[in-house]
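Q: What follows is a single structure, and I will ask about it in a moment.
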Amino acid sequence: MIYDLYERDFGRELQRYGVTDFVPSEFATETGGVPPMGLWDNAMPTIVRIQRFRSYIGKPIVICTRAHGRRGYRDYRANNAVGGASGSIHMRFNAFDCTVLGLSVAETVEAMERLFPGRDRDLWGVGTYSTFVHWDTRGLLGEPAPARWTA
Ligand SMILES: [Zn+2]
């Protein structure tokens with residue numbers, strides 16, 4: 001029931017920000033916990049960039065690659081279940097793991113950097129994994145940025 005409300009109200013929020021290629025379930029799952037409304041503002045800066053990037057590359061982006069709960073938001077329990085870092089930005093609803101269909105991970109990061117100016121990139125956390133790119137805007141949350149890592 002709470003999850004239904006998330007889908008409805010966060011869907012409106014996505015519309016309000018002009019996010020047309022994604023739906024709420026792509027950013028959070030029931031198994032990852034329902035993102036509290038107080039965290040929604042954290043999600044939007046990253047999601048707006050993902051939407052802009054999606055329009056730029058013209059290819060579908062899948063927000064999720066592995067197990068349930070890996071997608072976007074993770075509550076404390078879900079974060080432990082996927083072996084996430086203890087201070088994971090996913091728990092603040094600001095981080096999303098993205099796979100661009102038809103692009104390698106290296107090509108994805110290259111294209112992200114081509115689209116956005118350096119000053120914007122200074123706000124990001126970007127983790128490069130074998131099958132997906134972790135993307136967050138941690139600098140806007142007051143976290144040390146930029147952060148880059150390869151796993
Ligand atoms: Zn991640």
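Q: Using alpha-carbon pairs under 8 Å, 6+ residues apart, how would you state the relative contact order of the chain in percent? If you can, show how the numbers build up before the last one.
A: On the way: 256 pairs, mean separation 30.0, N = 151.
Worked out over the chain, it gives 20 percent.
Q: Let me ask something else. State which helices in the chain qualify, where a helix is a whole DSSP H run, it must extend 24 Å or more along its own axis by its Cα atoms, and its mean Kyte-Doolittle hydropathy must be at least -1.0. Numbers along the way, then the final one.
A: Details: long enough: 40-57 (25 Å, -0.28).
TM-like helix candidates: 40-57.
Q: Using the C-alpha gyration tensor of the stretch 2-150, what are the square roots of 5 times its eigenvalues, in whole angstrom, with the largest one first? Intermediate results must be reported in sequence, preceding the final value.
A: Numbers: eigenvalues 91, 61, 47 Å².
Sorted largest first and rounded, they come to 21, 17, 15 Å.
Q: Continuing with the same structure: Going by C-beta contacts inside 10 Å, put Ser88, Ser104 in order with the fewest on the left. Intermediate values should be presented prior to the final figure.
A: Values: Ser88 19, Ser104 10.
Listing Ser88, Ser104 from fewest to most nearby Cβ atoms yields Ser104, Ser88.
Q: While we're here: Within 12 Å, Cβ to Cβ, of Glu7, how many net charges do the neighbouring residues add up to if Lys/Arg are +1 and Asp/Glu are -1? Intermediate results must be reported in sequence, preceding the final value.
A: Working: positive: Arg8, Arg12; negative: Asp4, Asp9, Glu13, Glu26, Glu30.
Around Glu7, the charge tally is -3.
Q: Give me Asp4, Asp120 sorted ascending by neighbouring Cβ count inside 10 Å, so fewest comes first. Write down the numbers at each step before the final one.
A: On the way: Asp4 10, Asp120 15.
With the sparsest Cβ surroundings first, the list reads Asp4, Asp120.
Bear in mind these aren't lab numbers, they're just calculated from the coordinates by the rules spelled out. All values derive from a computational prediction rather than experimental measurement. Positions of Cβ are backbone-derived with ideal geometry, glycine not excepted, and every protein chain shown enters the neighbour counts.
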